[in-house]
1. Among the helices (runs of 4 or more DSSP H) contained in segment A:240-301, which hold 3 or more residues that are among the charged types (D, E, K, R) and either away from chain B (no Cβ under 14 Å) or within 25 Å of A:D11 (Cβ to Cβ) (or both)?
2. Are any residues in segment A:198-239 among the polar types (S, T, N, Q) and within 14 Å of another protein chain (Cβ to nearest Cβ), and if so, which ones?
3. Which of the residues that make up segment A:279-295 are touching a Pro at 6+ places or on another chain (Cβ under 8 Å) and hydrophobic (A, V, I, L, M, F, W, C)?
4. Taking the options A:R128, A:R97, A:R132, name whichever one is over 26 Å from A:C193 (Cα atoms), of a type in the set (K, R) and open to solvent by 50 Å² or more (accessible area, probe 1.4 Å).
5. Starting from segment A:52-69, keep only residues that are open to solvent by 50 Å² or more (accessible area, probe 1.4 Å), then list their pairs with residues that are assigned to a helix (DSSP H, G or I) and of a type in the set (S, T, N, Q) whose Cβ atoms are within a distance under 8 Å, requiring at least 6 positions of separation or different chains.
6. Buried (at least 24 other Cβ atoms within 10 Å of the Cβ), in the same structural domain as A:V204 (by the TED database), at pLDDT below 95 and of a type in the set (S, T, Y): does that describe A:Y294?
7. Exactly one of (1) within 9 Å of ligand 1 (Cβ to nearest atom); (2) open to solvent by 20 Å² or more (accessible area, probe 1.4 Å); (3) aliphatic (A, V, I, L, M) is unmet by B:L51. Its number?
8. Every residue in segment B:128-159 that is among the β-branched types (V, I, T) and either within 18 Å of the chain's Cα centre (by Cα) or surrounded by fewer than 19 Cβ atoms within 10 Å (Cβ to Cβ) (or both), please.
Amino acid sequence: MAAQPQQAPTDVYGFRVELPGPQQLIDMQRQRTLYALHEKSWAKYVEKHKLPSGSTLKRLVREGIPPQLRSWVWMETSGAREMRAAQTPSYYSNLLRAQALSKSTAQVELDLPRTFPNHPFLAAEEGRAAMRRILTAYSVHNANVGYCQGLNFTVGVVLVAVGRDEEAAFWLLAALVERICFPGSFGHTLSGCHVEMRTLQELVGEKLPRLHAHMARLGCDTSLIATDWFLTLYCSSMPPESAARVLDALFHEGAKILFRVALALLKSAEAALLKTDNAGDFMRVVKDWVTHLYNIDQLMEVAFDGIGSLSLATVDAVRKHKEAEVKEFMQQRAQQRAQVRTQQSRPGT
Amino acid sequence: MAAPLAELAQQQTAKLVLLGEMGSGKSSLVLRYVKGQFFDYQASTVGAAFLTKTLPELNVKFEIWDTAGQERYHSLAPMYYRGAAAAIIVYDITSPDSFTRAKSWVRELQRQGNPNMIMALAGNKADLEGQRAVTVEEAQAYAAENGLFYVETSAKTSANVNELFEEIARKLPKPEAAPRPPQGGIVLSENQQQQPKKSTCC
Ligand SMILES: Nc1nc2c(ncn2[C@@H]2O[C@H](COP(=O)(O)OP(=O)(O)OP(=O)(O)O)[C@@H](O)[C@H]2O)c(=O)[nH]1
Ligand SMILES: [Mg+2]
């Protein structure tokens with residue numbers, strides 16, 4: 001038997017692996033073998049520097065993009081390269097020069113040291129400076145969103161996965177927020193995130209009715225367990241190497257992947273979840289499971305083949321319905337808060 | 001409501017929620033209290049975290065919901081404070097903005113929260129005395145005016161952290177107080193203190 005390494009083991013991107021048991025090491029080893037296999041499938045496309053077309057691309061992406069090809073493939077499939085090409089070549093550096101316009105500097109600063117504090121690059125000054133530039137530039141580029149807590153984790157994972165190419169990471173962030181995720185997901189009221197949470201709740205009802213009923217009994221709203229899934233795109237929820245695998249499909253197929261993965265996570269843990277008897281326990285079981293999810297291949301199989309059909313049209317129909325509900329909820333809140341504010345002038349009772 | 005006597009000996013479960021400005025130290029307070037740990041760089045909370053802690057001497061089990069602090073997450077908060085028995089509103093004594101934010105939480109809970117909710121105001125990072133920007137007097141006056149339990153804490157040095165949670169546990173309305181048990185609630189709760197766990201067998 002090989003001696004245990006002195007240092008904590010890390011994934012392909014240098015993120016520390018939390019090991020509750022030896023199974024995780026086996027899962028990770030399996031992943032490495034798969035990468036080697038997938039590299040062979042991608043070899044001819046790399047040689048021609050041209051992506052495969054249609055269904056081949058979809059299949060290869062779903063199987064998992066080899067880590068060193070992610071930068072290239074993500075830029076192409078997400079539309080980030082197009083977004084970049086639509087601007088002048090100096091666009092990103094101009095944003096950096098305009099950093100003084102950002103209203104998010106203080107919040108970004110507060111979160112930088114709190115973003116993957118154990119990662120050798122991201123926790124070092126160089127990595128922090130790169131994340132600072134990306135997040136601040138983005139807050140200038142898209143003032144409606146500014147800085148949304150959670151995106152720091154996404155940027156961290158993406159930046160490392162694209163080989164520290166800062167500008168690529170910036171444009172991938174832009175593609176996620178502006179093209180891929182539901183509008184308003186990261187905005188000043190998170191209204192889009194509310195829509196997604198309610199949509200997920202409904203989809204759980206369709207695909208996993210027993211679990212849905214159980215959650216209703218416990219008063220366990222989907223937002224309790226899934227907010228971080230949708231606001232960090234799994235980058236703070238799963239081990240980063242697993243999250244990158246979700247990003248592979250997300251960049252290519254769009255936000256419905258977030259639902260497929262969410263449903264797969266719940267489905268795979270269903271037996272354990274049905275045994276919980278309060279919302280807190282439910283949340284703990286989910287978190288334990290997702291935090292240590294190294295066998296991402298198995299999960300993605302469930303996501304793609306284990307939950308039945310889930311078309312964008314279906315998701316959009318539910319969203320539309322939920323959007324109206326959320327709008328009303330937001331208006332009520334705004335009214336309540338306005339009332340609270342007028343009371344402010346009077347002394348408390 | 002009217003619990004049979006046998007149930008009175010059972011542990012009381014209390015939902016506790018932490019609210020307050022991002023970076024004020026909510027997660028750090030919980031982590032210090034539940035696990036005795038502190039990290040200089042505590043990862044920021046997205047959504048919420050859930051932890052539990054049992055206080056055998058007081059026969060209370062806290063179910064603690066630690067929420068995200070950024071302003072835009074505010075719209076998700078009702079899900080967490082709904083039905084909470086207690087709330088800790090945290091501010092950072094070096095940040096006047098975080099104190100303003102704390103006051104707005106207090107107002108929201110007064111309006112929307114459970115009317116019997118125990119509310120505590122925690123001025124955290126008390127170890128950073130040199131950078132203090134919110135005085136004890138100001139916070140104390142505000143707390144008194146609003147009927148809040150107030151204490152300054154440090155998740156870093158652990159000053160007043162246990163005290164904060166224990167005081168909340170003591171203030172919780174005791175379930176046996178309502179139906180007025182035959183022997184009187186006080187005697188019973190003293191028995192519980194001596195035999196926290198095995199009291200259901202007899
Ligand atoms: N000096 C000092 N630093 C503290 C104390 N409590 C927390 N911190 C630091 O302040 C920062 C923020 O603490 P968190 O506990 O993450 O704050 P939070 O309120 O949970 O923040 P969000 O999750 O973003 O809402 C971390 O870097 C902590 O190490 C304290 O009592 N003293
Ligand atoms: Mg926190």
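The values are calculated or read from the model by the stated rules, or taken from the named source; none is laboratory data. Just so it is clear, the model here is predicted, and its values are computed rather than measured. Please note: Cβ atoms are built from the backbone with ideal geometry, for glycine as well, and neighbour counts cover all protein chains shown. Accessible surface areas use protein heavy atoms only, side chains included; no ligands, DNA or RNA. Shrake-Rupley method; radii C 1.70, N 1.55, O 1.52, S 1.80 Å.
1. On the way: elements: A:240-253, A:256-268, A:270-274, A:279-291, A:296-301.
Fully inside segment A:240-301 and qualifying: A:240-253, A:256-268, A:279-291.
2. Here is the first cut: in segment A:198-239, the ones among the polar types (S, T, N, Q) are A:199, A:201, A:222-223, A:227, A:232, A:236-237.
Selection gives A:Q201, A:T222, A:S223, A:T227, A:T232, A:S236, A:S237.
3. Once the filter is applied, which keeps residues that are touching a Pro at 6+ places or on another chain (Cβ under 8 Å) and hydrophobic (A, V, I, L, M, F, W, C), segment A:279-295 yields only A:L293.
4. Numbers: A:R128 fails: open to solvent by 50 Å² or more (accessible area, probe 1.4 Å); A:R132 fails: over 26 Å from A:C193 (Cα atoms).
It is A:R97.
5. Matching pairs, first to second residue: A:E63/A:S41.
6. Working: buried (at least 24 other Cβ atoms within 10 Å of the Cβ): yes; in the same structural domain as A:V204 (by the TED database): yes; at pLDDT below 95: yes; of a type in the set (S, T, Y): yes.
When the stated conditions are applied, A:Y294 passes them.
7. Exception for B:L51: condition (1).
8. Within segment B:128-159, the subset among the β-branched types (V, I, T) is B:134-136, B:151, B:153, B:157.
Of everything in segment B:128-159, those that are among the β-branched types (V, I, T) and either within 18 Å of the chain's Cα centre (by Cα) or surrounded by fewer than 19 Cβ atoms within 10 Å (Cβ to Cβ) (or both) turn out to be B:T135, B:V136, B:V151, B:T153, B:T157.
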